[in-house]
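Novice: Questions regarding the structure given below will be posed in turn.
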Amino acid sequence: MVLVTGASRGLGTAITECFVRSGFHVVGVARSRDFLGPLRDEFGDRVTAWSCDVRSVPEVKRIAELVESRWGYLDVLVLNAGVGYVEPLETMKLEHWKETIDVNLTAAFTVTRACLPLLRKSGRPHIFAVNSVAARRGFAGWGAYCASKHGLLGFTDALREELRDKGIKVTSIVSGAVQTSFWDRVDTGFDRSRMIEPASIAELLLQTYRQATDAVTEEIVIKPAGGDF
């Protein structure tokens with residue numbers, strides 16, 4: 001049983017598809033139910049699509065309650081929901097800063113907190129936090145995004161230590177640029193043909209989950225084969 005946030009497009013969709021094809025039931029969560037329709041059409045009963053704004057604590061709680069009522073447990077939680085704005089910090093809109101921190105960092109906390117009781121009921125629980133190389137360095141114009149991703153890495157590292165003796169694995173995926181629709185609205189001049197395909201990262205998550213139970217991969221850094229831009 002897998003729950004993926006930000007499942008409506010790009011990497012979230014690829015992760016959902018990868019786990020469904022491998023025999024898991026996946027709950028895909030996103031703000032818009034319309035975007036989740038194709039997943040239901042393709043996979044039928046093997047995927048459940050629910051709308052949820054991960055910034056809303058009541059909505060997050062509702063999703064956890066629905067999972068508990070239908071399945072009673074959760075094996076894998078994938079914290080994938082994210083947003084980003086390219087603006088100099090000096091002129092950045094406060095609402096964009098708040099949205100970035102709320103979605104990329106605070107929601108990771110509230111979703112994890114709501115799902116931990118379900119993960120404790122699994123025989124093989126695992127949390128994946130989809131992060132970015134922006135967690136390790138700063139990029140001009142990406143101040144809010146970098147701040148949120150640095151925070152997410154710190155959150156994940158602390159969470160891992162708190163859950164280590166509970167048998168719940170926690171893995172950070174520190175990724176370079178991924179070829180998704182995010183770049184359609186960001187004029188960076190990057191060569192998108194050099195970016196990582198979402199399916200490559202999705203398969204990496206699946207392989208990591210299947211790792212022997214006596215080991216944990218705490219952090220994975222994956223970059224385009226041609227290097228950073």
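Novice: Please go through region 113-135 and give me each residue that is open to solvent by less than 20 Å² (accessible area, probe 1.4 Å), touching a Phe, Trp or Tyr at 6+ places or on another chain (Cβ under 9 Å), modelled with pLDDT of 95 or more and more than 17 Å from Glu218 (Cα to Cα), ordered by number.
Specialist: Leu118, Leu119, Ser122
Novice: Return yes when Ala107 is part of a strand (DSSP E or B), open to solvent by less than 20 Å² (accessible area, probe 1.4 Å), modelled with pLDDT of 95 or more and not charged (D, E, K, R) and no when it is not.
Specialist: No, not satisfied.
Novice: Does region 43-57 contain at least one residue that is aliphatic (A, V, I, L, M) and closer than 25 Å to Thr156 by Cα?
Specialist: yes
Novice: Quick check: is even one residue across region 66-78 among the basic types (Lys, Arg), at pLDDT 95 or above and more than 15 Å from Phe24 (Cβ to Cβ)?
Specialist: no
Novice: Which pairs turn up if I take residues in region 142-165 that are in a helix (DSSP H, G or I) and look for partners that are open to solvent by 40 Å² or more (accessible area, probe 1.4 Å) and aromatic (Phe, Trp, Tyr) with beta carbon separation below 7 Å, at least 6 apart in sequence or on another chain?
Specialist: Ala144/Tyr85; Ala144/Trp97; Cys146/Phe139; Phe155/Phe109
Novice: Restrict the check to region 122-140 and report whether at least one residue is in a helix (DSSP H, G or I) and not aliphatic (A, V, I, L, M).
Specialist: Checked against the condition, which is being in a helix (DSSP H, G or I) and not aliphatic (A, V, I, L, M), region 122-140 yields no hits at all.
Novice: Quick one: in region 1-36, of everything that is under 18 Å from Val130 (Cα atoms) and polar (S, T, N, Q), which residue is modelled with the highest pLDDT?
Specialist: Looking at the filtered set, the residue picked out is Thr5.
Novice: So, one more: Looking only at region 93-104, decide whether some residue is among the β-branched types (Val, Ile, Thr), open to solvent by 20 Å² or more (accessible area, probe 1.4 Å) and modelled with pLDDT of 95 or more.
Specialist: Yes: region 93-104 contains one or more residues that are among the β-branched types (Val, Ile, Thr), open to solvent by 20 Å² or more (accessible area, probe 1.4 Å) and modelled with pLDDT of 95 or more.
Novice: Scan region 205-227 and report the pairs whose first residue is under 15 Å from Arg164 (Cα atoms) and whose second residue is not aliphatic (A, V, I, L, M), with Cβ atoms within less than 6 Å and a gap of 6+ or a chain change.
Specialist: Val216/Lys169; Thr217/Thr171; Thr217/Thr208; Glu219/Ser172
Condition check ((1) at pLDDT 90 or above; (2) touching a Lys or Arg at 6+ places or on another chain (Cβ under 9 Å)) across all residues:
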residue	(1), (2)
Ile168	yes, yes
Ile173	yes, no
Arg185	no, no
Leu204	yes, no
Val221	yes, yes
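The values are calculated or read from the model by the stated rules, or taken from the named source; none is laboratory data. Given the structure is predicted, the values throughout are model-derived calculations rather than measurements. With ideal geometry, Cβ positions are generated from the backbone for all residues, glycine too; neighbour counts draw on all protein chains shown. Note: accessible area is taken over every heavy atom of the protein model, side chains too, but ligands, DNA and RNA are not part of it. Shrake-Rupley method; radii C 1.70, N 1.55, O 1.52, S 1.80 Å.
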